[in-house]
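Just below is one structure, and these are the notes that go with it.
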Amino acid sequence: MRRNVGTEKDTAYGGRRRSPAELATILPPGTLIPDLREPEELPAERADVPVVLEPGLAKSPTQEVDRGQLLTVTIDGVEVRVPKGATIFQAAERAGYTPPHFCFHRDLSIPANCRMCLCEVKDQGKLQTSCSTAVADGMIVAFDTPRVKEAVQGVVEFVFKNHPLDCPVCDQVGECYLQKYYMEVGRYDPLPIERVHKDKVKDLGPITLDAERCVLCSRCVRFGEEIAGTSDFMIANRSDHSEIMTFDDRPIDSAYALNYTDICPVGALTSNDFRFRKRVYYLKSAKSVCPECSTGCNIYSEQSEDTVYRYRPRYNDQVNDSWMCDPGRLSHARVADTSDRIVEPLIRRNGGLTPIDWEGATAEAASRLTELAGSVAAIAHPRMSNEDLWELVRLLKAAGGSAVDFRADDSWRGVDDLTDGILIRRDPNPNTRGALQILSPGPDSRVGEILGAVAGGGVRGLVVCGWDVETLGDAGARALAAAEWVLFLGPRRNSLLERADLVLPTCVHVERDGTFTNHAGRVQRFWPNVPPYEASRPAWAALAAITAALGGDAAPASAGVSFRHLAAGVPVFAGLTHETVGDQGAWLAGWERDRMPAVGADPMPGVRAPIIV
């Protein structure tokens, strides 16, 4: 029985074809094209869960797709309905089968040069490339035939002609298209041939090129031209001497260079950051959101033995498509660095900070806040999750305070500003939009006003989340010196600990679940990938426990419960839950958009492009 091979490296391949009865549960009769974009990245733990697939409609006006007109197509005996303008490849995905392919990528143009996705179409003499052939009403297509299998087998053998047997030492093992296609359709009695040797290891800065492994799919060439806008790679020479290379072997100087390693279907382009560090089949993956700017790219966080080894982009056509920038990707190293993490709660006694357990720390915070009798203010942080911010608001309300803001610097002003026209935004924080909506702090920052009130004695207590003294400036130093009591929450040590009376260690985003709201008003979930470091707790849990100790509402049992309370209390979040946000996100009320523009310098997703020569 043929296996269903997925379309991206992390797809759960090795499954089985869905039966018509199973397809009936996926595509109810009369159901129009669903709004959910087909996810290429189906994790192994969900491989048997039926998923409603949309046939990868392009976001480019150059590909005409009529959602209102549905065509009936039969794929290997399975009848499906797809919109006019869809390709046979997309119809096959709708039927539960992803054709083998090297060159096709849904966010790049379609050269149809790898010839792996061939199919038979009734009443057409030649085999057709399913990725570039549009469907017609009543079309009957077959992939599972001896003729197609022989043709694809020949393509695989042709690719293997010059492919080295590097599997034992190749970083792509476990993610290699060629491996899984050979296991499916390869010839186990190949003909003897003479190999052509090419450059074996070529350091191109952030990535390493192994030209012998290359299958000439041209994905890297198209990505450089259409997405990064840098045209880093080209295909040189002819016939079996063709190979990819950079002009004059120059290293790649691009903020999106590591995306080449994601789209390379084999081991020709590998990341120097991840190279030889860990086999991918030892990694445990969790869906997450990049915390390095207000774009909020969807990512996978991958760890082994509680150490995060890499981030990879996760598909979301409303945010980042299939891409992410290198600064965001490489920030995993900062998450993995625990040298400055706060290990446990600390309390100031006899002029120094000494450890205290969480119960004692919570009781101490509640006691001091009660003594302050409402004379307390807070400075939040835009790296806090929506749930954290909501619980901070609840804590201030229970303590009798009301003054809160998060804009200790000017980064929030760049929340919408693209610095490169692709993905990187000037605001380096993931939840500025959420903080603006939840805290409703007004058009201008009130942090200076809050610090002035503390320094002048009008406010006696101060809660600081994550910020350091240098960022708060001279006004912050005066306020911290004058405050009767300072509570600090954050994951890492900084200069503010010298002024804090109570320190509560909090988790970083890969250690907990929660939501961020990106610049465009899209609420997005992240899941835990590693356990909390030492005694760290999610900030929402620490704040909610103090609120409960003050006599407020009971602490929520989970981030999902806290988010439901947030949705009930903040109108723009109304109706949202962790379940409805899901892994693709949901819009704030009033921020809805039908479709975000395609990401890239000159994106051409799903467009038939000329073959590169």
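In plain terms, the chain from R593 to K84 could stretch by 180.9 nm, reckoned as 0.36 nm per residue minus the Cα-Cα distance.
Protection proxy ranking, highest mean first, for peptides 338-348, 507-517: 507-517, 338-348, where packing is the per-residue count of other beta-carbon atoms within 10 Å, averaged.
With respect to the chain, whose longest principal axis is taken over its alpha-carbon atoms, helix 539-549 is tilted by about 40°.
Here the spin labels are modelled as points 7 Å beyond Cα on the Cα-Cβ line, and at T419 and M183 they lie 4.2 nm apart. Relative to the dominant Cα principal axis of the chain, helix 358-372 is inclined by about 50°. Take 269-277, 127-135 and order them by the average number of nearby Cβ atoms within 10 Å per residue, most first; the result is 127-135, 269-277.
Assuming R0 = 25 Å, what is the FRET efficiency of T72 and D602, from their Cβ-Cβ distance, to the nearest 0.05?
Working: r = 35 Å, r/R0 = 1.40.
Efficiency at R0 = 25 Å is approximately 0.10.
Beta bridges from DSSP with both residues in the chain: antiparallel share about 70 percent, rounded to the nearest 5.
Considering only P505, G400, L108, the residue lying farthest towards the positive end of the dipole of the chain is L108, judged by Cα position with unit charges set on Cβ. Enter the angle in degrees (range 0 to 90, nearest 10) between the Cα long axis of helix 386-399 and the first principal axis of the Cα atoms of the chain, meaning the one along which they spread out most. Roughly 10 degrees between the two axes.
Excluding same-chain residues fewer than 8 positions from K122, which aspartates and glutamates have a Cα within less than 20 Å of its Cα? Counting by Cα, and skipping residues close in sequence, K122 has these aspartates and glutamates nearby: D76, E79, E93, D137, D144, E150.
Overall, the range 304-368 carries a charge dipole of about 180 debye about its Cα centre when +1 sits on the Cβ of Lys and Arg and -1 on the Cβ of Asp and Glu, all other atoms neutral.
Using heavy atoms of the protein chains and a probe of 1.4 Å, the accessible area assigned to K200 is about 70 Å². When the pairs K180/K284; K149/K180; K149/K198; K161/K202; K200/K278; K149/K278 are compared against a 24 Å limit on Cα-Cα distance, K149/K198; K149/K278 fall above it.
Compute the relative contact order of the chain as a whole-number percentage, counting only Cα pairs closer than 8 Å that sit 6 or more residues apart in sequence. Write down the numbers at each step before the final one.
Working: 1293 pairs, mean separation 80.8, N = 613.
Relative contact order for the chain comes out at 13 percent.
In this simple spin-label model, placing a label point 7 Å from the Cα along the Cα-to-Cβ direction at both S242 and E157 gives a separation of 2.0 nm.
Using only Cα atoms, what Kirkwood radius does the range 346-582 have, in angstroms? Mind showing how you got there, number by number?
Details: mean 1/r = 0.0557 Å⁻¹.
The Cα-based Kirkwood calculation yields 17.9 Å.
Sorting the segments 556-568, 532-544 by their mean number of nearby beta carbons within 10 angstrom, highest to lowest, gives 532-544, 556-568.
The values are calculated or read from the model by the stated rules, or taken from the named source; none is laboratory data. All of these numbers come straight from a predicted model, not from anything done at the bench. Note that we place each Cβ from the backbone using ideal geometry, even for glycine, and neighbour counts take in every protein chain shown. Protein only, heavy atoms only, side chains kept; ligands, DNA and RNA dropped before computing areas. Shrake-Rupley method; radii C 1.70, N 1.55, O 1.52, S 1.80 Å.
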